[in-house]
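Read the structure below first, then the notes.
Taken together, the values in this text are just the output of simple stated rules run on the coordinates, not laboratory data. For clarity, every value in this text was computed on a predicted model and none was experimentally measured. Quick reminder, even Gly has a Cβ in these numbers, built from the backbone with ideal geometry, and neighbours come from all protein chains shown.
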Amino acid sequence: METSNYNSLMIPEEINIKLHEYAKLIHDYNKTTNITGLKDIMSIYNELVFGSIKPLMKVDVPRGTSFVDIGTGAGIPGIPLILYFGGNIKGVLIDSNNKKIKFLMDVIDVLGIHDRVTVIQGRAEEILKEKRYRDSFNFAVARAFAHPLVALEYGLPFIKQGGWMYIYYAVTVNDSDFYDNKGLRRKAGVGIEDGSAGLHKEEENTGGGDLTGIIQYLQKHSHALGGHMATREEAIRHKVHEGLLFIKDRPTPNNYPRKHAVVKREVMKLRNV
């Protein structure tokens with residue numbers, strides 16, 4: 001089997017075999033049904049599969065940890081996290097696309113991970129109407145799903161008090177402009193790698209906008225949802241050194257998440273910040 005350049009980080013061989021098998025499943029399925037813009041298997045492995053694990057490799061995941069993946073698409077990042085963390089973790093993968101749900105069911109069958117993965121077809125805002133899903137998971141993840149505001153609104157309500165939400169985003173804890181809010185201006189992108197964007201097209205990508213204005217809004221909105229954006233010190237303590245990390249402080253009020261159209265209007269306003 002061809003070896004990834006990223007394997008210098010020493011993923012155990014038995015896990016790496018499963019990760020490559022998953023990458024091949026995406027590659028083969030993508031020949032007939034478009035689920036990613038990446039065409040060769042090593043790009044799929046490096047950018048999608050390993051790229052889903054890399055930011056969270058060092059986080060503490062004790063046995064019994066549960067998570068939810070919002071807008072999982074082809075299983076990114078949920079399936080790689082399940083494979084990497086093994087028996088310590090169980091995940092619920094959510095997507096509204098029937099073809100992707102069918103693919104995920106095939107993946108779960110081939111990889112033999114039925115006991116660790118639950119797949120739900122639907123939109124997060126509808127699923128959250130069921131009380132059993134609210135304030136119940138240890139963490140949530142979203143990658144290339146939507147604007148960070150949308151991901152936050154539909155992700156944080158799933159998490160229990162003391163849990164966290166991670167949004168894949170091109171910023172690191174060493175970005176002093178980001179953490180110190182000194183007015184960094186740049187185009188705000190959703191994914192860490194460009195290749196991730198093709199996995200889920202239900203929402204438009206972030207587009208333009210003042211990053212500082214967006215971050216300030218996310219900080220404020222996370223409080224309304226029952227949490228807060230992690231400080232640099234909190235991110236380092238969680239062993240997360242890139243992306244957006246939010247901590248859940250209290251149950252999310254029942255009036256969240258709001259209707260999809262309402263959240264989308266707020267996203268449009270942010271693009272004009």
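Estimated from the Cβ-Cβ distance and a Förster radius of 25 angstrom, the FRET efficiency linking Lys220 and Arg63 is about 0.10. Could you state, as a whole-number percent, how many of the C-alpha pairs of the range 38-98 are farther apart than 19 Å? Percentage above 19 Å: 31.
Per residue and in Å³, how big is the convex hull formed by the alpha-carbon atoms of the range 105-146? Before the final figure, lay out the partial values.
On the way: hull volume 4.8 nm³, N = 42.
With only Cα atoms used, the range 105-146 gives 115 Å³ per residue.
For the pairs Lys129/Lys160; Lys220/Lys248; Lys102/Lys129; Lys24/Lys102; Lys54/Lys239; Lys160/Lys239, note any where the Cα-Cα span goes beyond 18 Å.
Working: Lys129/Lys160 16 Å; Lys220/Lys248 13 Å; Lys102/Lys129 24 Å; Lys24/Lys102 16 Å; Lys54/Lys239 11 Å; Lys160/Lys239 20 Å.
The answer is Lys102/Lys129; Lys160/Lys239.
3J(HN,Hα) along the range 50-61, derived from phi through the Karplus expression 6.51 cos²θ - 1.76 cosθ + 1.60 where θ = phi - 60°, amounts to 5, x, 7, 8, 3, x, 10, 4, 9, 5, 7, 10 Hz, with x in place of Gly and Pro. Measuring how big the range 1-107 is from its alpha-carbon positions, Rg and Dmax come out at 13.4, 39 Å.
For the range 214-273, go through all pairs of different Cα atoms, get the mean of 1/r, take its inverse, and jot down that Kirkwood value in Å.
Values: mean 1/r = 0.0779 Å⁻¹.
Taking the inverse mean of 1/r over all distinct Cα pairs, the range 214-273 comes out at 12.8 Å.
Remark: spin-label model distance Met105-Arg250 equals 4.2 nm, labels positioned 7 Å along the Cα→Cβ axis.
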